[in-house]
Amino acid sequence: MPQPLFMGARVSDMSAEYRYKIVMLGDGAVGKTAMTTRFTQNHFDSDYKRTIGSDFAIKRLHIEDIDTQVTLQVWDLAGQPRFESVRQGFYRGSRGGLLLYDVTRRRTFLNVDTWKEEAFSNLQNEIPLVLVANKVDLKESRVVTTEEGEKYAKKNGFIYVESSALTGENVEEAYSTLCKRMIEDAKESTQTKVM
Ligand code: G3D
Ligand code: MG
């Protein structure tokens, strides 16, 4: 089991640079691996190997509007891990997550709550989450509406993004908005400590 290289911290006082471990959450086949692959390698491969256990990819990104460099360690999980130890290692040290569902399968939307609970109880903490309504390219077979997604996100204080790992629409935005939220949270907690 690989351990997180970093737990989420400002790396240097000289430049605005942050490192975070984040987790990809959601039911099987909602697009977690496709989205991570798209984001970290910028291509979509419908024939990639199925993930086994958990794995992570690293991506460095520059967030233009706040001129900040972020290195993300993106952890991806294959379905529900069989062993508790895998799950603990998966969540340990994560500072945020993308919680995906598939807009063409209502069941995956209904299960979002279970994923949220599992993450918060494993972490014993509420981390910022982005609710990602994925596969919006499949317009004909879409069953979960924008309004439903937005309503759930608002109720839970999550950011809401509609994406397609196939076309690349809003993939980078999903990760970068999460980064901004994690950075804001880090700044707020530092200020609280000073005061
Ligand atoms: P998971 O990691 O959450 O289990 P995957 O899901 O990333 O393995 O994706 C499951 C299937 O959905 C894959 O199809 C993948 O190509 C497809 N997929 C993922 N994201 C999108 C999307 O935004 N739009 C569309 N149309 N398809 C998507 P296969 O057939 O390869 O199993
Ligand atoms: Mg996967």
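Any read-out appearing in this document is the output of simple, stated calculations on the displayed coordinates, not a laboratory observation. Just so it is clear, the model here is predicted, and its values are computed rather than measured. For neighbour counting, all protein chains shown are included, and Cβ atoms are generated from backbone atoms with ideal geometry for every residue, glycine included.
Which value, in debye to the nearest 20, gives the size of the charge dipole of region 83-195 about its Cα centre, when Lys and Arg are +1 and Asp and Glu are -1 at the Cβ?
200 debye
Once fully extended, how much extra length lies between Ser189 and Ser121, figured as 0.36 nm per residue of separation less the alpha-carbon to alpha-carbon distance?
Computed gain between Ser189 and Ser121 is 22.4 nm.
For region 70-189, with the dipole built from +1 on Lys and Arg beta-carbon atoms and -1 on Asp and Glu ones, taken about the Cα centre, which of Val86, Asn111, Gln73 lies farthest toward the positive end?
Farthest towards the positive pole: Val86.
List Asp55, Asp65, Asp102, Asp27 from most exposed to least, where exposure is judged by having the fewest other Cβ atoms within 10 Å.
Fewest-to-most ranking of Asp55, Asp65, Asp102, Asp27: Asp65, Asp55, Asp27, Asp102.
Amide H neighbours of Gly26 under 5 Å, counting only residues 5+ apart in sequence or on other chains, H built in-plane at 1.01 Å?
Leu100
At Leu110 and Lys154, where each label point lies 7 Å from the Cα along Cα→Cβ, what is the point-to-point distance in nanometres?
Using points 7 Å along Cα→Cβ, the separation is 2.4 nm.
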